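Taking it in order: structure first as structure tokens, then the write-up.
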Amino acid sequence: MDESLNLVLFSGTDDKLQAAAVLTAGAAALGKPVNIFLQYWALDAFRTAKVDRDHGLAPEAGAAGRVAVDALARAGQAPWAETFRQAKELGGIDIQACSLSMDLLKLESGDLCPLVDGVEGVTAFYLNAGNGQIVFI
């Protein structure tokens, strides 16, 4: 099997989470394992109470970006959380919350949506990543 894809998700905007979800789904479709490490604002977006809310777009998207994203949604593009759910159904996807970010945001495991498999520190993330590629979003 190929080396894993390892994503560090920092941003909590819908466009960046969607990009991460698409990368994850593509890797899962190819049978490539994916380790996802949720930090700060990305972790905040994975709260049960927030996962299905609008998280806005990155500033560089601008008004034209909003129009394009809304058009894709109307055309049937699944929201990022649903794309992650579908990728997880294919298998090989592990989503972990950063323990430091959990402390910063005063979160407990029960606050997180079921997409999140657990909580780990950065050292555990690096050990799980092995020699695989690490992408920061």
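Computed values, structure above
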| item | result |
| --- | --- |
| Inter-site label distance for PHE136 and GLN77 at 7 Å from Cα along Cβ, in nm | 2.5 |
| Förster radius 35 Å - calculated FRET efficiency between ALA68 and VAL122, Cβ distance, rounded to 0.05 | 0.55 |
| Trypsin sites (Lys or Arg not before Pro) lying in DSSP loop within the stretch 59-125, provided at most 10 other Cβ fall within 10 Å | LYS106 |
| Label-point gap, in nm, between LYS106 and ALA58 - each point 7 angstrom along Cα→Cβ | 3.1 |
| Fraction of antiparallel bridges per DSSP, the chain only, in percent to nearest 5 | 5 |
| Relative exposure of LEU17, LEU115, LEU72, judged by other C-beta atoms within 10 Å (fewest first) | LEU72, LEU115, LEU17 |
| Contact order relative to length of the chain, as percent, for alpha carbon pairs under 8 angstrom and 6 or more apart | 39 |
| Computed [θ] at 222 nm, deg cm²/dmol, the chain (DSSP H ≥ 4; -39,500 (n - 2.57); rounded to nearest 500) | -13000 deg cm²/dmol |
| Choice from GLU89, GLU60, GLU120 showing the highest fluctuation, given a GNM over the chain with Cα pairs closer than 10 Å | GLU60 |
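Every number here is computed from the coordinates shown, using simple stated rules; none is lab data. Every value quoted in this text rests on a predicted model; they were computed, and no experiment measured them. All Cβ positions, glycine included, derive from the backbone under ideal geometry; neighbour counts span all protein chains shown.
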